[in-house]
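Student: Have a look at this one before I ask anything.
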Amino acid sequence: MYNPKSTYKFLIGLCVFLFFVTEKSNAQIVIGSPNLGFTQACASTSFNTYSTTFVFSPDTSLEASNQFTIELSDADGDFTTASDVFTSSPGTLTTSPATINFSLPTTTAGENYKIRIKSSAPAATSSGSSEFAAYYKIQDSPFTINNLVSTGVYCSSGSYLLTIDNPGTGSNDSPLNYPSLTFKWFKETGPTTSVFVADGFSLNVNEVGTFFVETNYGTCTSNSFSNRVSISEVTSGNVNAGISSSLGNPFCPGGDLTTLTTITGNSYQWFKNGNLIPEATLQMYQTSESGNYEVQVDLIDCVAASQINLISELFDASIDVPEMNTIEDGEILSVEVITNANTPVFEWYLDTVLLPTISEDNYDATQFGIYKVIVTETTGCIGSREFIFELQEAFDAFPNVEKIPNVISPNGDGINDTWMIPINYVEGTNTDVMIMTSSGKVVLQTNNYLNNWPENELNINNVNQVFYYVITTSDNKTKKGSITIIK
C-alpha cells in the first residue's frame, strides 16, 4: 500500500545527500604565499635541507588523498618549467599552518629563485614566495690554474692564456669535471680586494697583475677558488718563467715522481745542475732526484727562464764496496749498507735471484756474479734505493804454468792475452828473459818478467807473426823457442 509519509522522508534524505555531495565536489581552499625559513640557499653535499611555512583555508576542505607539492621556479623566478622539490604523502598534512622541508637539485644556480605550494585535492596553487639566491655547490674545494705555476709572462704586444687545470695536479678536484658550473675571473687590487674581469673557462691576459678564478656560486660563499698567478710583461731580455713541483719542495718521492712545470710557451728546454737534459723538451719534466733544475721557455718574441733547487727527502744510503770487486776462489767479500732510513728492510739478490735468508744490512759474498741490494724505508717518507756491485775471480798474474807456451792471442778477450811462463822464470827468480823479432830486433829484455808481454798492441802485418825468446836462469841454464802471435 502506498505510504505518502515514507515517500516524503525518502525525498528529504535524497536532497540532503545530494546537497553534501555537491558541496564536497565544489570544495575549494586558498593557500597563502610560502614564508621562507632562510635568506639564501647555499646547498652542498654536506647540507641540503631548507624549510618553508604556509597557511591554507579551510582545512576541512582537504580530501583524504590530498598531497601538497613544493615547486621550484627557474633561476629567473618563472614557474613555466618548474621542478617539484617535495611532495607530501596523501593525507599527511591536514592542519594549517604547515611547515615542510625540501632539498635543492644539484643543478641549482641563480639569484632569483622562488617556490610555491600546490595541493592536489582540491587543486589549488599559491602565489610565489619572495626571491632568494640558491646554489648547489657540487664542487667546493680549492683547485689549480696554470699548473700551479705562480707566474706567467707575455711578450710586448702579446698575451698570456690562463686556464683551469683538468684534472690538475696531485689531488686537485678540477671544477671542469662538473659541466653545469660556470666561472668568474678576478684581478687583485689589494691584499684583500679584487675586481671582476670576465666570465669563462679561461682568461686571455694582456695586462700586468695578479689573477685568479672562482666557481660562480653568486652571493653564496664557497671554497671553490684557484691559486693566484702573477702576470708580467717583458719587452726585451730574459724574464723569470717560474717552476712548480707537484709534490712540493722538499718532497717525499714515496715511489712516485714529482712533476716540474713551467709557464706556457712555444718550446722548452730543461737542465739539471747546469747540464742539458736532451729528452726534456716539454712544459713538464718528471724526476725523483734532488738537484738544481733550470728551464728555458721560448715565448717567440722573448725568452723566459727559471730554476729550482729541488730537494728529495728520500733517505740517504750507500754500500762500502765499489761496483767491481775481485777475490780469489774461496775468499769472502764483506759488504755493508750504510743508511739513515727509518725501519729499513734489506733485500739481497745474486744474478736477479732473491737470497731469501738474507735480511740484514750486511752480507758476506763468496759466489762470483752480479749482486743487488734494495733498501726500503718503511715509515715516514716511504721509498727504496738499490745498489749493484759485481764480484769476479781475481786475475792470477803468476799461475802455475807447466810449460813455456809458444802461441798467444792478444785480442783483449781475457784468455791467453799475454805470454805466461812457469813461475821458475818470473819475478823474483833473477831470470833473464829476452824476446826478439824474426829479424833479431830485441823487443823485451828483463830479469824481472811479470807475465805481461805484450803490454802494448803489436804492429802485426802478417796473419801469424813469429817472435823468438831466450830464457837464461841465474845458474846459466838456457831455454830457447818461438812465440806465434795469433790475432
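Student: When you go through Met420, Met434 one by one, which is the residue that is touching a strand residue (DSSP E or B) at 6+ places or on another chain (Cβ under 7 Å) and either assigned by TED's automatic domain parsing to the domain that holds Asn325 or in contact (Cβ under 8 Å) with a residue 24 or more places away in the chain (or both)?
Tutor: Details: Met420 fails: touching a strand residue (DSSP E or B) at 6+ places or on another chain (Cβ under 7 Å).
Only one candidate passes the filter, namely Met434.
Student: A follow-up question, please. Look at Ser267 and say whether it is surrounded by fewer than 19 Cβ atoms within 10 Å (Cβ to Cβ), outside the structural domain of Thr182 (by TED's automatic domain parsing), within 24 Å of the chain's Cα centre (by Cα) and more than 30 Å from Ser384 (Cα to Cα). Full working, then the answer.
Tutor: Numbers: surrounded by fewer than 19 Cβ atoms within 10 Å (Cβ to Cβ): yes; outside the structural domain of Thr182 (by TED's automatic domain parsing): yes; within 24 Å of the chain's Cα centre (by Cα): yes; more than 30 Å from Ser384 (Cα to Cα): yes.
The answer is yes for Ser267.
Student: Still on this structure, please answer the following. Considering only region 164-223, state which residues are free of Cβ contacts under 8 Å to residues at least 24 places away in the same chain, assigned to a strand (DSSP E or B) and not acidic (Asp, Glu). Working first, answer last.
Tutor: Step one: filter region 164-223 for residues free of Cβ contacts under 8 Å to residues at least 24 places away in the same chain, giving 165-167, 171, 179, 189-200, 209-210.
From the residues that got through so far, the ones that are assigned to a strand (DSSP E or B) too are 194-199, 209-210.
Within region 164-223, Ser194, Val195, Phe196, Val197, Ala198, Gly209, Thr210 meet the criteria.
Okay, residues lined up against (1) of a type in the set (Asp, Glu); (2) surrounded by 16 or more Cβ atoms within 10 Å (Cβ to Cβ); (3) under 19 Å from the mean Cα position of the chain (by Cα):
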residue: Gln139; (1), (2), (3): no, yes, no
residue: Ser150; (1), (2), (3): no, no, yes
residue: Cys155; (1), (2), (3): no, yes, no
residue: Leu161; (1), (2), (3): no, no, no
residue: Thr182; (1), (2), (3): no, no, no
residue: Val195; (1), (2), (3): no, no, no
residue: Ala198; (1), (2), (3): no, no, no
residue: Asn206; (1), (2), (3): no, no, no
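Student: Still on this structure, please answer the following. Please state which of the following conditions Ala280 fails to meet, knowing it meets all the rest: (1) crowded, with 19+ Cβ neighbours inside 10 Å; (2) more than 27 Å from Pro175 (Cα to Cα); (3) among the small types (Gly, Ala, Ser).
Tutor: Unmet for Ala280, out of (1) crowded, with 19+ Cβ neighbours inside 10 Å; (2) more than 27 Å from Pro175 (Cα to Cα); (3) among the small types (Gly, Ala, Ser): (1).
Student: Go through region 28-59 residue by residue and tally those that are under 17 Å from Thr125 (Cα atoms) and not charged (D, E, K, R).
Tutor: Residues meeting the conditions: 16.
Student: Still on this structure: Consider Asn416 against the criteria (1) loosely packed, with under 15 Cβ neighbours inside 10 Å; (2) under 33 Å from the mean Cα position of the chain (by Cα): it satisfies all of them except one. Which criterion is unmet?
Tutor: (2)
Student: If Thr94 satisfies every condition in (1) assigned to a strand (DSSP E or B); (2) in contact with a helix residue (DSSP H, G or I) (Cβ under 7 Å, 6 or more places away or on another chain) but one, which is the exception?
Tutor: So Thr94 meets the others, but not (1).
Yes/no matrix, rows are residues, columns are (1) modelled with pLDDT of 95 or more; (2) more than 30 Å from Gly265 (Cβ to Cβ); (3) in contact with a strand residue (DSSP E or B) (Cβ under 8 Å, 6 or more places away or on another chain); (4) not polar (S, T, N, Q):
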residue: Ser103; (1), (2), (3), (4): yes, yes, yes, no
residue: Thr107; (1), (2), (3), (4): no, yes, yes, no
residue: Ile117; (1), (2), (3), (4): yes, yes, yes, yes
residue: Ser120; (1), (2), (3), (4): yes, yes, yes, no
residue: Phe132; (1), (2), (3), (4): yes, yes, yes, yes
residue: Val149; (1), (2), (3), (4): no, no, yes, yes
residue: Tyr154; (1), (2), (3), (4): no, no, yes, yes
residue: Ser157; (1), (2), (3), (4): no, no, no, no
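Student: Any residue at all in region 352-372 that's touching a Lys or Arg at 6+ places or on another chain (Cβ under 6 Å) and at pLDDT 95 or above?
Tutor: Filtering region 352-372 for residues touching a Lys or Arg at 6+ places or on another chain (Cβ under 6 Å) gives none.
No, because not a single residue in region 352-372 is touching a Lys or Arg at 6+ places or on another chain (Cβ under 6 Å) and at pLDDT 95 or above.
Student: Considering each residue of region 22-81, count those that are closer than 15 Å to Ile115 by Cβ, exposed (fewer than 12 other Cβ atoms within 10 Å of the Cβ) and free of Cβ contacts under 8 Å to residues at least 12 places away in the same chain, and give that number.
Tutor: Number of matching residues: 2.
Student: A further question on this structure: What tally of residues in region 428-443 results from selecting those that are crowded, with 16+ Cβ neighbours inside 10 Å and either in contact with a Pro (Cβ under 8 Å, 6 or more places away or on another chain) or among the charged types (D, E, K, R) (or both)?
Tutor: 1
Student: So, one more: Looking only at region 224-246, count every residue that is of a type in the set (A, V, I, L, M, F, W, C) and not in a strand (DSSP E or B) and tell me the total. I'd like the intermediate steps shown before the answer.
Tutor: Restricting attention to region 224-246, the residues satisfying the condition of being of a type in the set (A, V, I, L, M, F, W, C) are 225, 229, 231, 234, 239, 241, 243.
Pick out the ones that are also not in a strand (DSSP E or B) and you get 241.
Adding up the residues that qualify gives 1.
Yes/no per residue for (1) surrounded by fewer than 19 Cβ atoms within 10 Å (Cβ to Cβ); (2) modelled with pLDDT of 95 or more; (3) over 30 Å from Phe368 (Cβ atoms):
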residue: Val234; (1), (2), (3): yes, no, yes
residue: Asn240; (1), (2), (3): yes, no, yes
residue: Ile243; (1), (2), (3): no, no, yes
residue: Asp256; (1), (2), (3): yes, no, yes
residue: Lys272; (1), (2), (3): yes, no, yes
residue: Leu276; (1), (2), (3): yes, no, yes
residue: Val295; (1), (2), (3): no, no, yes
residue: Asp316; (1), (2), (3): yes, no, no
residue: Met324; (1), (2), (3): yes, no, no
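Student: Would you call Glu427 acidic (Asp, Glu), over 30 Å from Pro322 (Cα atoms) and more than 60 Å from the chain's Cα centre (by Cα)?
Tutor: Values: acidic (Asp, Glu): yes; over 30 Å from Pro322 (Cα atoms): no; more than 60 Å from the chain's Cα centre (by Cα): yes.
Judged against the criteria, Glu427 is not a match.
Student: Confirm whether Ser126 is surrounded by fewer than 16 Cβ atoms within 10 Å (Cβ to Cβ) and of a type in the set (Ser, Thr, Tyr).
Tutor: Details: surrounded by fewer than 16 Cβ atoms within 10 Å (Cβ to Cβ): no; of a type in the set (Ser, Thr, Tyr): yes.
Against the criterion (surrounded by fewer than 16 Cβ atoms within 10 Å (Cβ to Cβ) and of a type in the set (Ser, Thr, Tyr)), Ser126 does not qualify.
Student: Being part of a strand (DSSP E or B) and either among the acidic types (Asp, Glu) or more than 28 Å from Ser224 (Cα to Cα) (or both) is the filter here, so list the residues in region 24-55 that pass it. Talk me through it step by step, then tell me what you get.
Tutor: Restricting attention to region 24-55, the residues satisfying the condition of being part of a strand (DSSP E or B) are 30-31, 35-36, 40-44, 50-54.
Of everything in region 24-55, those that are part of a strand (DSSP E or B) and either among the acidic types (Asp, Glu) or more than 28 Å from Ser224 (Cα to Cα) (or both) turn out to be Val30, Ile31, Asn35, Thr52, Thr53, Phe54.
Student: With the checklist (1) within 30 Å of Ile138 (Cα to Cα); (2) touching a strand residue (DSSP E or B) at 6+ places or on another chain (Cβ under 6 Å) in hand, flag the one item Gly248 doesn't pass.
Tutor: The number of the failed condition is (2).
Student: State which residue pairs qualify: first residue of a type outside the set (Gly, Ala, Ser) and inside region 336-347, second residue surrounded by fewer than 12 Cβ atoms within 10 Å (Cβ to Cβ) and not in a strand (DSSP E or B) in any location, beta carbons under 6 Å apart, and separation of 6 or more residues or different chains.
Tutor: Qualifying pairs under 6 Å: Glu336/Asp320; Asn340/Asp316; Asn342/Thr379; Thr343/Thr379; Phe346/Ser359.
Student: Could you please find all residues in region 248-268 being in a strand (DSSP E or B) and over 14 Å from Ser290 (Cα atoms)? Give the steps one after another, and end with the answer.
Tutor: If we filter region 248-268 for residues that are in a strand (DSSP E or B), which is where we start, we get 251, 258-262, 267-268.
Thr261, Thr262, Ser267, Tyr268, listed by residue number.
The values are calculated or read from the model by the stated rules, or taken from the named source; none is laboratory data. Fair warning: this is a prediction, and the values are worked out from it, not measured in the lab. A quick note on method: Cβ atoms are made from the backbone with ideal geometry, for glycine too, and the neighbour counts reach across all protein chains shown.
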